[in-house]
C-alpha cells in the first residue's frame, strides 16, 4: 500500500510532484489505477490548464466520485494549483463550470487590469498556525502560475493568503481537505517542507 | 508583491551547455544536468533550457536530457528549441518541463500557439522573440523579428508579433535583443520597455547582461518581469545570490 498517491487523470506534469515527495523522503506514486487510489493513505489532486478540462478528465475516469468518497472517509487530500480550485463548487472559467464541491465557494478570474496569468514567486501570509506550515516561515515565497483564484465562502477555510491585486486564499485547509494554489514541487525548500508536512498530517 | 525573477539559461548544443556571442562562436560551458543542479542550489527562480541543436532526428536524446535536468531541479523549468508540434511539446512536458518556448515554429504556424494554449494552458506557452532594431541609431524605427539564430529577417514587426502572440494565447514572452546578446553592454531597455508596455503578459528580458545594474535597468526602466542571462552565470562572474542581494539593496522585490 502506498503512502501517498498522486492522482493521474491525464493532465499535467505529475513527475515533478512525485520526485518532490521523494526528495522529502516520502513515498509517493503517480497512479491512475482505481485500486491504488482507493488504498493510498493520502491523495494528491494535481491539475493544470483549464478547470473544465480537468473536471471532465476527472469525471470520465469516475475519479470525482472516488475523491469525494475518500475525503468523506477522512483521507487527507491535497489539491495543487487547479487541483485546489477543483475542490470548490464552481468556476467562472468559460461561463460556469461545476467543481467537486468539497469546499463551499467559487473560483474567479483575476481582474482584467492585472498581468494574467499571475506567474512567479509570491508571498504566502499565514493566517495562523497550521500543521502544513511547520518549519515554513511566514511570508515565504512560493511559485505561482494561475489566472483564477479561489474564494471560499467560509473565510476560516483560508489558512494562507497572497496578494495579487486582491488578497486571496492561496492555502486552504478544512478538516482533511487541503489545497495550495502555488506549486510546492516548484517552490524549492519552502515547497518541499509543505509537502513533507502534508505527508505527516494526522 | 510578485518577486522579479532571475533566470539562468542553458543553451544546449549536442548535450553540452554552450555560449555563443551574437548567436555564433560557441564555447563549452559544462554539463546541463550539473549546471541545472547548481542553479537550483544557488537560488535561481527558474531555469531555461534552449536546445540550439534543434535537429528533429535528435528529439529523443533531448527529451532524455530534459528529463535528467528536470529530476534535479525544484524550480520552474522551461524548455525550448525545435518544438514544432503539439506532440513534441507533450513529450517535453511529460519529461518534466513546466513550460515550453516556441520561436520559429510559432512564426511559421501561429496556430500552434493557440493549440498549445488550449491543450496545456497559456501558463506553459512562452513565445520567444528574437528582435533586432531596424536602425541601431534610431529606436523610433522599431524592431524586426529574426529567426535561425539571428540570420533570417522574418519581416515582421516585433511589437506587432508580441501583441499577436498574446492574442493567440502566449502566457509569457521571452524577448532577446539580437543587437545586445553576448555584448555584455546591457539589455536593450528601449526594446524591453516597448514590448512590456504593449502586452499584459510577463516579459523576460534576455541578451546583453554584463553588470549588476543591467539587471536592475531591465526590471525597472525596461518593465520586465524577469531577467535571463547565460554566460554571466555559467562562468561565475556573478552568482544568483549576488544579483539578488544587489537588486534587494536597490528596492527590487526578489525572493
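Every read-out reported here was derived from the displayed coordinates using simple, explicitly stated rules and does not represent laboratory data. Note that the structure is a prediction, hence the values are computed from the model and not measured. Reconstructed Cβ throughout: ideal geometry from the backbone, glycine too, with neighbour counts over all protein chains shown.
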- prompt: According to a simple spin-label model (label point 7 Å from Cα along Cα-to-Cβ), what is the distance in nm between residue B:87 and residue B:235?
  reply: 4.2
- line: Fewest-first ordering of A:156, B:177 by Cβ atoms within 10 Å yields A:156, B:177
message: Between residue A:94 and residue B:198, what is the label-point separation in nm under the 7 Å Cα-to-beta-carbon projection?
response: 3.0
query: Fewest first, what order do B:238, B:233 take by the number of other Cβ atoms within 10 Å?
result: B:238, B:233
Per-pair calculated FRET efficiency, R0 = 35 Å: residue B:136 and residue A:111 via Cβ, rounded to 0.05: 0.30
statement: Mean per-residue count of partner chain Cβ within 10 Å for B:119-131 equals 4
- prompt: Rounded to a whole number, what is D in µm²/s for the range B:73-148 from Stokes-Einstein with the Kirkwood radius over alpha-carbon pairs (25 °C, 0.890 mPa s)?
  reply: 182
- prompt: Quick one: if the Förster radius is 25 Å, what FRET efficiency do residue A:156 and residue A:73 give, using the C-beta to C-beta distance and rounding to 0.05?
  reply: 0.60
query: Per q in 0.17, 0.18, 0.19 1/Å, what log10 I(q)/I(0) does a Debye calculation on the alpha-carbon atoms of chain A return?
result: -1.12, -1.28, -1.45
field: Value in Å of the Kirkwood radius, where the protein assembly as shown supplies the Cα pairs that are averaged
entry: 22.2
Cα Rg over Rh - the range B:152-248, Kirkwood: 0.99
task: Going by C-beta contacts inside 10 Å, put A:55, A:84 in order with the fewest on the left.
output: A:55, A:84
- prompt: Based only on Cα atoms, what Rg/Rh ratio does the range B:36-85 have, Rh being taken as Kirkwood's radius?
  reply: 1.00
statement: Each label sits 7 Å from Cα toward the beta-carbon; between residue A:60 and residue B:94 the label points are separated, in nm, by 1.5
task: Tell me the Kirkwood hydrodynamic radius of the range B:5-249 in angstroms, computed as one over the mean inverse distance between distinct C-alpha pairs.
output: 17.6
